[in-house]
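Below: one structure, written as structure tokens.
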Amino acid sequence: MKRAALLLGGVLAALALAETGLGLMGWGYARRQRGGRATAAGPRILCVGDSFTFGMGAPRGGGYPEQLQDLLNKEPGDRRWVVLNAGVPSNNSSQVLKRLPALLVEEAPEILVVMTGWNDNNLTESNYWRVADLSRMPARERWRLRWRDLSGRWRTWRILSAAWARFFPPEKLPYDHWLFLDAMAEPAARRNLERLLDRSRRGGLSSRDWLAIGIFRHRLKDLDGARAAYGKAVASDPGNVEAHFRLGWVHHLDRDFAGFEAEMRETLRLDPRHDRARGMLGMRERNAPPARDWMEDLLSYDLSRILELAESRGVNTVFMTYPSPRHEVNGMLLRVFGRLGAEHPFHVVDNSALFGGLPKPEQYFSKDEPDVFVSHLNERGYGVMAGRLAQDLGDIGWAP
């Protein structure tokens, strides 16, 4: 018994040491990654959020933080602003909150710019369980959710899980890389679509052909046509892995989450190593209450604590909505801002109203999603966002 206790204690000590070491290595790596712009002398603005802050959809350096720095420093002078881009793609508001204390200490900003909430249906490291009514979930699912939340915070566990999958992989089914046609230019997509549709009128299309039609429709932003073609691909061959995945993807874009989950689970049943299906499915939890029942409460919980952290260090805060004129998260954010504004001073930049009021707003989006208005911005779009933010900072006297 004593030997077993000593062995268990040694294992736990080794895991604790590994976790601490990995944490320090991650901290050092992140600091080096941020070091380029932030080591310069001058007042600092810290921009936190997800891929919209990171600058997805634009070339490297084309995000709004980098363009904001250029705008603030366009006039010569001794006071040179440093704008730090701390956006992390796929981060939810809870992950932004978790990272913020260390960032505030390390970077000592004068201004904090926050745009978060788009990915709050991603429950990784989420404070979801603090605000959602979990009583409707079976006890087994409730504990599974909390274990996933806890284990997801342990770097050691994530490394061990990856190593296990590497050395003991599940059976790999044949995979056809011909099916990945997303990168095709639109003229080529149209020509291939016309050729396949001409064949379809003569009959005899295979599941593979219907999948190709669906991909082309998807590429051309025709979601109804894509859904119909993917459905025919699945009906023709229920074992067509990619057709199930892409049908689920369209269901997700249509906010049909039940259909989305069913197709993603079928994809993983057919191909347990389909990483994209696993990643998309991981953003949702079976039997959890729907996001509309708790997402606004989660935003209130996380954003109020972000404000308290900033205020405790004397940092001025700017909250921003997303540029998509019609995404539902913007309405939630504006309601949360309204409630928080009764108790805390901060500034709001409503990017949804800004882009919704522009002529031909689609020209500012990268079109990296089938629905243009849930796409990331392109470099020009991020420039519009940076311009409005720079103007507002000057108007309220926080920056020149």
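The values are calculated or read from the model by the stated rules, or taken from the named source; none is laboratory data. Owing to the predicted nature of the structure, the values given are computational and were not obtained by experimental measurement. Here Cβ is always computed from backbone atoms with ideal geometry, including for glycine, and neighbour counts include all displayed protein chains.
So here's what we get for this one:
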{"read-out": "Of all residues making up the stretch 354-368, the number that are surrounded by fewer than 16 Cβ atoms within 10 Å (Cβ to Cβ), closer than 15 Å to Arg326 by Cβ and touching a residue at least 24 places away in the same chain (Cβ under 8 Å)", "value": "2"}
{"read-out": "Matching residues in the stretch 56-97 - criterion: being closer than 15 Å to His376 by Cα, touching a Phe, Trp or Tyr at 6+ places or on another chain (Cβ under 9 Å) and surrounded by fewer than 24 Cβ atoms within 10 Å (Cβ to Cβ)", "value": "Gly57, Ala58, Gly62, Gly87, Val88, Pro89"}
{"read-out": "Odd one out for Phe373, checked against (1) at pLDDT 95 or above; (2) touching a Ser or Thr at 6+ places or on another chain (Cβ under 7 Å)", "value": "(1)"}
{"read-out": "Of residues in the stretch 109-125 being at pLDDT below 95 and hydrophobic (A, V, I, L, M, F, W, C), the one nearest to Val329 (Cα to Cα)", "value": "Trp118"}
{"read-out": "Among residues of the stretch 96-125, those that are at positive phi and touching a helix residue (DSSP H, G or I) at 6+ places or on another chain (Cβ under 7 Å), counted", "value": "2"}
{"read-out": "Residue that is farthest from Arg388 (Cα to Cα) [pool: residues in the stretch 351-370 that are assigned to a loop (DSSP other than H, G, I, E, B) and under 18 Å from the mean Cα position of the chain (by Cα)]", "value": "Pro370"}
{"read-out": "Which listed residue, of Trp210, Trp178, Trp249, is part of a helix (DSSP H, G or I), over 29 Å from Val131 (Cα atoms) and modelled with pLDDT of 70 or more", "value": "Trp210"}
{"read-out": "All positions within the stretch 311-339 that are in a loop (DSSP other than H, G, I, E, B), free of Cβ contacts under 8 Å to residues at least 60 places away in the same chain and surrounded by 13 or more Cβ atoms within 10 Å (Cβ to Cβ)", "value": "Ser324, Pro325"}
{"read-out": "Odd one out for Glu308 among (1) in a loop (DSSP other than H, G, I, E, B); (2) surrounded by fewer than 16 Cβ atoms within 10 Å (Cβ to Cβ); (3) at pLDDT 90 or above", "value": "(1)"}
{"read-out": "Residues that are assigned to a loop (DSSP other than H, G, I, E, B), within 22 Å of Thr317 (Cα to Cα) and out of contact with any strand residue (DSSP E or B) (no Cβ under 8 Å at 6 or more places or on another chain), drawn from the stretch 371-397", "value": "Gly397"}
{"read-out": "Helices (runs of 4 or more DSSP H) completely within the stretch 45-131 that count 3 or more residues being touching an Asp or Glu at 6+ places or on another chain (Cβ under 7 Å) and in contact (Cβ under 8 Å) with a residue 24 or more places away in the chain", "value": "93-107"}
{"read-out": "Failed criterion for Pro345 (all others in (1) touching a Gly at 6+ places or on another chain (Cβ under 9 Å); (2) outside any helix (DSSP H, G or I) hold)", "value": "(1)"}
{"read-out": "Hey, Ala342 without any contact (Cβ under 8 Å) to a residue 24 or more places away in the chain and either surrounded by 17 or more Cβ atoms within 10 Å (Cβ to Cβ) or among the aliphatic types (A, V, I, L, M) (or both) or not", "value": "yes"}
{"read-out": "Residue match in the stretch 25-44 (condition: touching a strand residue (DSSP E or B) at 6+ places or on another chain (Cβ under 8 Å) and at pLDDT 85 or above)", "value": "yes"}
